[in-house]
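Here's the structure, in structure tokens; my notes come after.
The values are calculated or read from the model by the stated rules, or taken from the named source; none is laboratory data. What you see is a predicted model; the values in this text were computed from it and never measured. Here the Cβ is made from the backbone with ideal geometry for all residues, glycine too, and neighbour counts use every protein chain on show.
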Amino acid sequence: MICEALSDRMPAVARGDASWDNEEAAHLGICQDCQLEWRLVAPITLAARPAPTMDIERIAAAVHAAVRPTPTVVSITSRRRWSRALVGLAAAAGIALAVYLPTRPAPATDVALVPTRAVTTIPELDALLEDELKMVLAAVQEDEPAPVLTPGPLPRLDELTEAELQQLLKTVEG
């Protein structure tokens, strides 16, 4: 029973909160198990001391005092001296920009008129060039009116006239 009581008191004795009485000290001197446990508990307890407490209020007050800006008095004469110099520099910079900036060239007034083509009723013809349009126009215009074909038996090629052969050739070639 004394071994269990010593085990419970070892952390407090190691921290210095309590001390051994005569009976406990005598038992610790003769008991091998209690001596081994004491060798383990004493260094661990001494190393695990609580961290010192911090005075948060004092630290916060010191930080606020260090950060607080200190008011300084600036005389009016030094303000005037700086403002005069800055106004003079700004005026000089404005004059330099007005004088030394290259002038922009005048916009070109020569405007060329580009002829536009009239919109056609056949949109496929809009993309064609002028020469191509002339070819289409020549193909559409006929010198002679086309003969009227009546339904009936189909004629043979050797029976067709010259105009009918030309019309057949145009329709086949596209």
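What to note about this one:
- Some residue of segment 40-47 being at pLDDT 85 or above and more than 46 Å from the chain's Cα centre (by Cα): yes
- Here the condition is being over 47 Å from the mean Cα position of the chain (by Cα), surrounded by 10 or more Cβ atoms within 10 Å (Cβ to Cβ) and at pLDDT 70 or above; of L89, L168, L157, L129, it holds for L168 alone.
- Residue match in segment 73-83 (condition: at pLDDT below 80, β-branched (V, I, T) and either touching a strand residue (DSSP E or B) at 6+ places or on another chain (Cβ under 6 Å) or outside any helix (DSSP H, G or I) (or both)): yes
- Selection within segment 4-27 - more than 15 Å from L40 (Cα to Cα), assigned to a helix (DSSP H, G or I) and not small (G, A, S): E4, N22, E23, E24, H27
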